[in-house]
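First up is the structure itself, then whatever we jot down about it.
The values are calculated or read from the model by the stated rules, or taken from the named source; none is laboratory data. Bear in mind that the values here come from a model prediction, so they are computed numbers and not experimental data. Virtual Cβ from ideal backbone geometry, glycine too; neighbours counted across all protein chains shown. These accessible areas exclude ligands, DNA and RNA; they are computed on the full protein's heavy atoms, side chains included. Shrake-Rupley method; radii C 1.70, N 1.55, O 1.52, S 1.80 Å.
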Amino acid sequence: MMRRAESPRQEVLTWADVDALIDQLLPQMVGAFDSLVMITRGGIIPGGLIAEALDIKHILTAAVEFPAEDAPRLLAWPTFLQFPEEELTRGRRVLVVDDVWTHGRHIMTVRGRVEASGARVETAVLHYKPTASLFPHHKPTYFAAVTDAYIVYPWEMDRRLRPSRMMAPV
């Protein structure tokens with residue numbers, strides 16, 4: 001008889017929790033970055049907060065999609081839905097930001113493509129999950145916390161289930 005795998009522990013974060021995580025990341029980063037690449041969608045909020053705190057003016061986005069979960073993880077070929085032009089990263093010190101490094105596929109794929117443009121790349125995430133990583137010899141340059149929990153960030157709350165704050169037109 002097979003036992004069903006236990007559900008991972010879940011952590012629901014508040015905006016104050018995210019602020020504290022950003023405060024853990026910032027002192028780790030020394031020197032100026034020329035550009036920041038946010039990985040959509042999870043990296044948009046932490047990327048924006050880091051860019052504002054470090055006064056990074058060149059903010060870029062990357063969107064990467066992998067085939068469905070039933071495809072082999074290491075053999076899956078990514079689709080780049082959006083990516084900055086090489087001339088925007090070539091020769092620059094670039095910070096690539098995402099919310100969490102679980103398997104590492106998204107951030108490592110973006111990192112590799114930005115490095116191929118000739119950039120010096122560093123990576124940052126709020127949470128690093130080394131036990132789930134598909135890249136045992138790599139880790140984020142900067143991370144605020146190590147966890148094995150399923151993280152629910154405040155920007156992931158399902159707004160369809162809550163009433164809208166918008167007022168009806170008069």
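Annotation: per residue accessible area for region 1-148 equals 59 Å², rounded to a whole number [probe 1.4 Å, protein chains only]. Our estimate of slack between residue 77 and residue 57, defined as 0.36 nm per intervening residue step minus the Cα-Cα distance, is 4.0 nm. Would you please classify the overall shape of region 6-136 from the alpha carbon gyration tensor, given that a ≥ b ≥ c denote the square roots of the eigenvalues, rounded means a/c under 1.5, and beyond that prolate means a/b larger than b/c while oblate covers the rest? Verdict is oblate for region 6-136. Between residue 30 and residue 134, residue separation times 0.36 nm minus the direct Cα-Cα distance comes to 34.7 nm.
Which net charge results when you count Lys and Arg as +1 and Asp and Glu as -1 among the other residues whose beta-carbon is under 13 Å from that of residue 92? Net charge around residue 92: -2.
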